[in-house]
1. I need the full set of residues from region 50-61 which are part of a strand (DSSP E or B) and either touching a helix residue (DSSP H, G or I) at 6+ places or on another chain (Cβ under 9 Å) or closer than 16 Å to residue 3 by Cβ (or both), in order please.
2. Could you tell me which numbered condition residue 5 fails, if it satisfies all but one of (1) within 14 Å of residue 79 (Cβ to Cβ); (2) out of contact with any helix residue (DSSP H, G or I) (no Cβ under 8 Å at 6 or more places or on another chain)?
3. Return the residue satisfying two criteria in turn: it lies in region 1-17 and is over 13 Å from residue 62 (Cβ atoms) and touching a strand residue (DSSP E or B) at 6+ places or on another chain (Cβ under 6 Å), and of such residues it is surrounded by the fewest Cβ atoms within 10 Å (Cβ to Cβ).
4. Looking for something surrounded by 15 or more Cβ atoms within 10 Å (Cβ to Cβ) and not in a strand (DSSP E or B) - is there at least one such residue anywhere in region 40-49?
5. Is there any pair with a first residue in region 38-67 that is on the phi < 0 side of the Ramachandran plot and in contact (Cβ under 8 Å) with a residue 60 or more places away in the chain and a second that is surrounded by 12 or more Cβ atoms within 10 Å (Cβ to Cβ) and in a strand (DSSP E or B) whose Cβ atoms are under 8 Å apart and which are 6 or more apart or on different chains, and what are they?
6. Given the structure, is residue 33 on the phi > 0 side of the Ramachandran plot and under 13 Å from the mean Cα position of the chain (by Cα)?
């Protein structure tokens, strides 16, 4: 089962999808696109005090704003943490 969260503003559309293989990050802006990452490739995950979910792969950092009051966003974050813990 794949989960997806999205966030858009006037300039950029972002989506983050989670399935049993890893994450797919999409940023719809100039010189961007879809990127796929296996859980083992993810070095770090951070949820900031302003509810921005970020993850690092090598030297690149990818971010998406989340809404803490949105049940779908909370479920996504919980499932991501669970999947990453299972790869340790």
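Nothing in this text is a laboratory measurement; each read-out follows from the coordinates by a stated rule. Because the structure is a prediction, the values reported are computed rather than measured. Here the Cβ positions follow ideal geometry from the backbone for every residue, glycine too, while neighbour counts run over all protein chains shown.
1. Matches in region 50-61: 53, 55, 57.
2. With respect to (1) within 14 Å of residue 79 (Cβ to Cβ); (2) out of contact with any helix residue (DSSP H, G or I) (no Cβ under 8 Å at 6 or more places or on another chain), residue 5 is out only on (2).
3. It comes out as 2.
4. yes
5. 66/5; 66/7; 66/47; 66/52; 66/53
6. no
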